[in-house]
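Single-structure report; data block below.
The values are calculated or read from the model by the stated rules, or taken from the named source; none is laboratory data. Source: prediction; values computed, not measured. Here the Cβ positions follow ideal geometry from the backbone for every residue, glycine too, while neighbour counts run over all protein chains shown. Areas reflect the complete protein model, heavy atoms only, side chains present, ligands, DNA and RNA absent. Shrake-Rupley method; radii C 1.70, N 1.55, O 1.52, S 1.80 Å.
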Amino acid sequence: METSNNHYFSDMGIMLGRSMRHILRSMDTIMTVTITPIAMMLLFVYVFGGAIQTGTDNYVNYLLPGILLMAISSGIAYTSYRLFLDMQRGIFERFHSMPIARSAPLWGHVLTSLVSNAISTLVIILVALVMGFRSSAGILSWLAVAAILVLFTLALTWVAVIAGLSATSIDGATAFSYPLIFLPFISSAFVPTESMPPVVRAFAENQPVTSIVNAIRALLSSQPVGNDIWIALAWCVGIMLVAYVFAMRAYKNRA
Amino acid sequence: MLNNSIQVQGLQKSYKNLPVLQGVDFDVKKGSVFALLGSNGAGKTTIVKILTTLLKQDGGTATVNGFDVAVKPDDVRRSISLTGQFAAVDEILTGRENLIMIARLRHLKDPNHVADELLNRFSLTEAADRAVATYSGGMRRRLDIAMSLVGKPQVIFLDEPTTGLDPEGRIEVWKIVKELANNGTTVFLTTQYLEEAEQLADQIAILHEGKIIANGTLADLKKMFPPAKVEYVEKQPTLEEIFLAIIGKKEMK
Ligand SMILES: Nc1ncnc2c1ncn2[C@@H]1O[C@H](COP(=O)(O)OP(=O)(O)O)[C@@H](O)[C@H]1O
Ligand SMILES: [Mg+2]
């Protein structure tokens, strides 16, 4: 296979360094990714909040997990965008004709996705704190929340890689994220699923966002997480593995 | 001793049902400039991709620097560099950062020094710390080629290096290729223009309908063209000379 293994990690480090510069120089993309979810949060808390019955006294707490998932879902669109551009502009061909591991450039994008989504997640949590978000969670619960968010990001990132590698236009590379951004609306992210009509409710209760939201919500409020966390993890890992296999296949064929 | 940098025998490649290469043969002498001439869609990029290990052939063999591209791709990659048809530069990074990145990926001792030298050689020192997104087409191409020279590879592939450049930029690229040739690097370039091949190459091969239909020095090839074609060929430089005279550049050499 690849005989360049002795430099694999330093090469990956160089790719990550490249990506980090991309992020730091395009903070506007991170702002773009955070602004819509923050606007949603403001809208739901200050406009609809009074009318929504969730059975909690702190609606920001209730809302935050769904808002974070929404931000990540829109953030990964930039991964396919960057990947698509790299392929179009030929820089991947340059890398692939050099004596470096074939997968290093791809992992560079995946790591970028993790870092940039972590930054947007932090920004949103800070805004939520200003809006009244409070959590009684201990360090272990926070770590569990972080782990779920990282897995969720990775899962969607590999989906984004498929989109970026197989798209034929910039719009095509990013369009796949629109339905993902709307998944939280048909979940327990904003209103309890009990308030929904039966068919919608059935969908909402069985799609990944609901169990992920419920698990994070329970962790942040020190409630028992029950089965939700396992269902959430299963969804994330499942999507990640399937997407990874198809992404790698697309990478082999295309790049 | 190894006299040929590149040896291609019976190379075949089809995309689904579209046969592109149908038995391509040629050799490229070490330290020479070889021009592969062909119209748009002839299969030039396909050959470059096979020789640079980006694509696998369906049949035939190709060796670069003595290594079979299909069997020892890693050794081939250590011997070559590719300047693809579309500038392979990172737009967000600066020119200097692009060069340092490549130098680090090639594990060179002093990446900063390597970058400085190439920036200077390619007249990019002034623009070195600007994002490449702000560069002109000619500057981008220069940086692109500079990135290919990092680490002094023995064989350099240039896929249509002047397509899309204005005459001024084209002449800059020609100058660079001539310098490379003088330094003993083997240069494999593709072009759609006979004039360009004529300016640069020691050996010219014409790719048409999946095969090499002519291969030799300029003098060899000229004998094969009917007079009418020679006349057409002679016209093009004249137009460029007029253009260059108008914009006040010296006559090209
Ligand atoms: N990935 C591909 N899939 C299908 N057809 C392709 C692909 N790449 C190139 N072709 C076709 O193969 C032919 C040769 O392409 P190419 O090698 O790029 O030619 P050139 O570089 O001489 O312009 C063209 O007809 C082109 O449309
Ligand atoms: Mg081409």
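For segment A:97-190, the helices (runs of 4 or more DSSP H) that sit wholly inside it and include 3 or more residues that are small (Gly, Ala, Ser) are A:104-130, A:139-166, A:170-175. Considering the conditions (1) open to solvent by less than 30 Å² (accessible area, probe 1.4 Å); (2) more than 14 Å from every other protein chain (Cβ to nearest Cβ); (3) more than 16 Å from ligand 2 (Cβ to nearest atom); (4) modelled with pLDDT under 95, B:Asn3 is excluded by exactly one of them, (1).
Results for (1) within 14 Å of chain B (Cβ to nearest Cβ); (2) under 24 Å from A:Thr29 (Cα atoms), shown as yes or no for each residue.
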| site | (1), (2) |
| --- | --- |
| A:Gln53 | no, no |
| A:Tyr59 | no, no |
| A:Arg82 | yes, yes |
| A:Gln88 | yes, yes |
| A:Glu93 | yes, no |
| A:Ala101 | yes, no |
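Looking at segment B:83-100 only, could you name the residues that are open to solvent by less than 10 Å² (accessible area, probe 1.4 Å) and either away from ligand 2 (no atom under 16 Å from the Cβ) or modelled with pLDDT of 95 or more (or both)? If the condition is that a residue be open to solvent by less than 10 Å² (accessible area, probe 1.4 Å) and either away from ligand 2 (no atom under 16 Å from the Cβ) or modelled with pLDDT of 95 or more (or both), then B:Val89, B:Asp90, B:Leu93, B:Gly95, B:Asn98, B:Leu99 are the ones that fit. Does B:Thr53 satisfy being among the polar types (S, T, N, Q), within 15 Å of ligand 2 (Cβ to nearest atom), in contact (Cβ under 8 Å) with a residue 12 or more places away in the chain and closer than 21 Å to B:Arg77 by Cβ? No; evaluated as a whole, the condition is false for this residue. Between B:Val71, B:Val48, B:Val24, B:Val64, the distinction of being within 14 Å of chain A (Cβ to nearest Cβ) and in contact with a Gly (Cβ under 9 Å, 6 or more places away or on another chain) belongs to B:Val48 only. Scanning segment B:148-206 for residues that are open to solvent by 10 Å² or more (accessible area, probe 1.4 Å), within 16 Å of ligand 2 (Cβ to nearest atom) and away from every other protein chain (no Cβ under 14 Å), we see that the one that is nearest to B:Ala219 (Cα to Cα) is B:Ile206. Among residues of segment B:20-35 being within 16 Å of ligand 1 (Cβ to nearest atom) and more than 18 Å from B:Leu54 (Cα to Cα), the one that is surrounded by the fewest Cβ atoms within 10 Å (Cβ to Cβ) is B:Gly23.
The numbered conditions (1) within 14 Å of chain B (Cβ to nearest Cβ); (2) surrounded by 18 or more Cβ atoms within 10 Å (Cβ to Cβ) are all true for A:Met27 except (2).
Considering segment B:54-77, the residues that are open to solvent by 20 Å² or more (accessible area, probe 1.4 Å) and within 16 Å of ligand 1 (Cβ to nearest atom) include one that is nearest to A:His7 (Cα to Cα), namely B:Leu54.
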